[in-house]
Amino acid sequence: MTYLGAHLSSAGGFYKMGKAALKIGANTFQCFVRNPRGARAKAIDPADLGKLRALLAEEGFGPIVAHAPYIMNPCSKDEGIRELAERMMREDLALMEHLPGNYYNFHPGSHVGQGLETGCRLIAGMLDRVVGPEVHTTVLLETMAGKGSEVGGRFEDLRLILDLADCRERLGVCLDTCHVSDAGYDIVHDLDGVLEEFDRVVGLERLLAVHINDSLNPPGARKDRHALIGEGTLGTEAILRVITHPALKDLPFILETPTDDAGHGKEIAMLRERLGEGTLQER
Ligand code: FE
Ligand code: FE
Ligand code: ZN
């Protein structure tokens, strides 16, 4: 059974989030572990996290993905913003120790005119201070659309961060289908070619999760506007080729399409039907 899920809206606790995932036919999910736009962390509730941990094991979930807040920018020009990024990641990873073996995904950030190399050095430096051997979560760099001075629009950006980080064995990559297409990688017509390039530059063994989103814009637009599956420039067939690709098929696939949990449930049902998997409820 393919690990399919969505970015869930907060359901008032982690156990409830697991239940919400089951309700929409998901066997993985993504969520924020704090307010996505604010900096304040929720208090850690070990009992709630323990219940989710048990539920994930019982129900045979694939790895789940915590998403760092959007405001995190570890390669900002502003030292205060960099320190905030570091503190947020450290706190989030402490929470994730209650869910060991899962993933924490973040946007590498925007170097805001400092240059790619400086940006990557700042990012790698933070990772080396935060992702020590005490961390049992794999931290994922997300492939980005390449908007403005965004780091991660080229596979080479991710390679540079990995090369600069001593903690690289605890790092991986999350490929976002909307972002890579917007960045100019033609996954609709040449998925094999794009994955070969990823393998050559980064290494496919580093690819641990996939965000499945359609895109409102054509390849290379560098825009980052997600669309519902089948309602963008990628199309349902291209998304299905991603999900079933031999190099990817065992990874968790997470929808970040512009809809709510119920809408994601419909997309998951449609994809499972196309995959010949029925819905989880029918098992
Ligand atoms: Fe993201
Ligand atoms: Fe994404
Ligand atoms: Zn995006």
Only residues that are farther than 12 Å from Leu171 by Cα and under 17 Å from the mean Cα position of the chain (by Cα): list them for segment 124-160, please.
Thr143, Met144, Ala145, Gly146, Glu150, Val151, Gly152, Gly153, Arg154, Phe155, Asp157
Within segment 111-137, how many residues are in a loop (DSSP other than H, G, I, E, B) and not aliphatic (A, V, I, L, M)?
9
Taking His211 and the conditions (1) more than 16 Å from ligand 1 (Cβ to nearest atom); (2) within 16 Å of the chain's Cα centre (by Cα); (3) closer than 25 Å to Ser9 by Cα, which numbered condition does it fall short on, given that it satisfies the others?
(1)
Under 7 Å between Cβ atoms, at least 6 apart or on separate chains: pull out the pairs that start in segment 26-37 with a residue that is in contact (Cβ under 8 Å) with a residue 12 or more places away in the chain and end on any residue that is of a type in the set (D, E, K, R) and not in a loop (DSSP other than H, G, I, E, B).
Val33/Asp92; Arg34/Asp92
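Kindly provide the set of residues from segment 106-138 that are at positive phi and crowded, with 22+ Cβ neighbours inside 10 Å, ordered by number.
Passing the criteria: only Gly109.
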When the residues of segment 171-180 are narrowed to those that are outside any strand (DSSP E or B) and in contact with a strand residue (DSSP E or B) (Cβ under 6 Å, 6 or more places away or on another chain), which ends up farthest from ligand 2 (Cβ to nearest atom)?
Thr177
Starting from segment 164-175, keep only residues that are in contact (Cβ under 8 Å) with a residue 40 or more places away in the chain, then list their pairs with residues that are in a strand (DSSP E or B) and away from ligand 2 (no atom under 16 Å from the Cβ) whose Cβ atoms are within a distance under 8 Å, requiring at least 6 positions of separation or different chains.
Ala165/Leu171; Leu171/Thr138; Gly172/Thr138
Among the numbered criteria (1) under 16 Å from the mean Cα position of the chain (by Cα); (2) assigned to a loop (DSSP other than H, G, I, E, B); (3) away from ligand 1 (no atom under 16 Å from the Cβ), which single criterion is violated by Asp224?
(3)
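Since every read-out is calculated from the coordinates, none of them should be taken as a lab result. Note that the structure is a prediction, hence the values are computed from the model and not measured. All Cβ positions, glycine included, derive from the backbone under ideal geometry; neighbour counts span all protein chains shown.
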